[in-house]
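Data first, discussion second: the structure below is written as C-alpha cells.
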Amino acid sequence: MAAPRKPIEPTTPEQSAFLRQAMEQYGKATYNFAFRLTRNEADARDLTQDAFVRVFKAWRSFQPGTSFLSWIYRIVTNLHRDELRRRKGRYQEELPDDNMPQEYGGERPLAVTPIEDYVEGQLGERLQRALEALSSDQRQVVVLADIEELSYQEIADIAGCSIGTVRSRLHRARAQLRRFVEHYDAVHK
C-alpha cells in the first residue's frame, strides 16, 4: 500500500509576493544563465520555469541576507545537471521534418536569444564558438566568473564544489578558450 500523500498547503500571500518579486527582479538573469548553460531557448525557458517552481515550493528555505541570485543559479545548475543525466545518450536536437536546414529568409526566428546577441555584440563569433566547445562545467564557471563577475566563493556555492575546483576549472577553461581562439584566428586569416 502506498504511503499517504502529504496534503498540499494553500498558497500564502507572502509566498506569492516572494515569487512575484523574485521573478520581476531575477527572471531575466535566471533565463540568461539557463540559456548560457543549455544554448537552447526552449530548454532555457523550461529550466527557468522549473527553477521558479522550486523557488515557489522552497521559498521559506531562502536565507534573508544571502544572495538570491546565487541561490537560484544553484537551483538552475542542479536542474540542468539532472536533465543532462536524463538525456545522456539521447539526441538533443530534433531534425526538421524535411531533414534539410531551416531557412529564416534573412530574418531572425521568432525566438529571442539574448545570450547570442550579447556574445555576438561583445565577444564575436570566435569566442561564441569557443564557449560552445567547452564542457558544461567549464562553460558554467567561465560564464559565472567572466560574464556574471561573481566571486570564486559564489561560484563554488552555485556549482557545489570547492574554491580550488572553481579555480582549476576556470584555469583549464580559459586555457582551452585561448587555444581555440588562436586556432580559429590561424584558420580564418
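The values are calculated or read from the model by the stated rules, or taken from the named source; none is laboratory data. Here the structure is a predicted model, which means the values were calculated and not measured. Counting neighbours? That spans all protein chains shown, and the Cβs are built from the backbone with ideal geometry, glycine included.
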Of all residues making up region 111-142, the number that are on the phi < 0 side of the Ramachandran plot, over 17 Å from the mean Cα position of the chain (by Cα) and either modelled with pLDDT of 80 or more or of a type outside the set (A, V, I, L, M) (or both): 5
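Every residue in region 29-84 that is among the hydroxyl-bearing types (Ser, Thr, Tyr), without any contact (Cβ under 8 Å) to a residue 60 or more places away in the chain and not in a helix (DSSP H, G or I), please. Working first, answer last.
Here is the first cut: in region 29-84, the ones among the hydroxyl-bearing types (Ser, Thr, Tyr) are 30-31, 38, 48, 61, 66-67, 70, 73, 77.
So of that shortlist, the ones also without any contact (Cβ under 8 Å) to a residue 60 or more places away in the chain come out as 30, 38, 48, 61, 66.
Within region 29-84, just THR66 meets the criteria.
Evaluate the following for GLU107: is it over 15 Å from the mean Cα position of the chain (by Cα), within 18 Å of ALA42 (Cα to Cα), at pLDDT below 85 and outside any helix (DSSP H, G or I)?
On the way: over 15 Å from the mean Cα position of the chain (by Cα): yes; within 18 Å of ALA42 (Cα to Cα): no; at pLDDT below 85: yes; outside any helix (DSSP H, G or I): yes.
Criteria not met by GLU107.
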Looking only at region 28-68, and only at residues there that are β-branched (Val, Ile, Thr) and surrounded by fewer than 14 Cβ atoms within 10 Å (Cβ to Cβ), the one that is nearest to ALA133 (Cα to Cα): VAL53
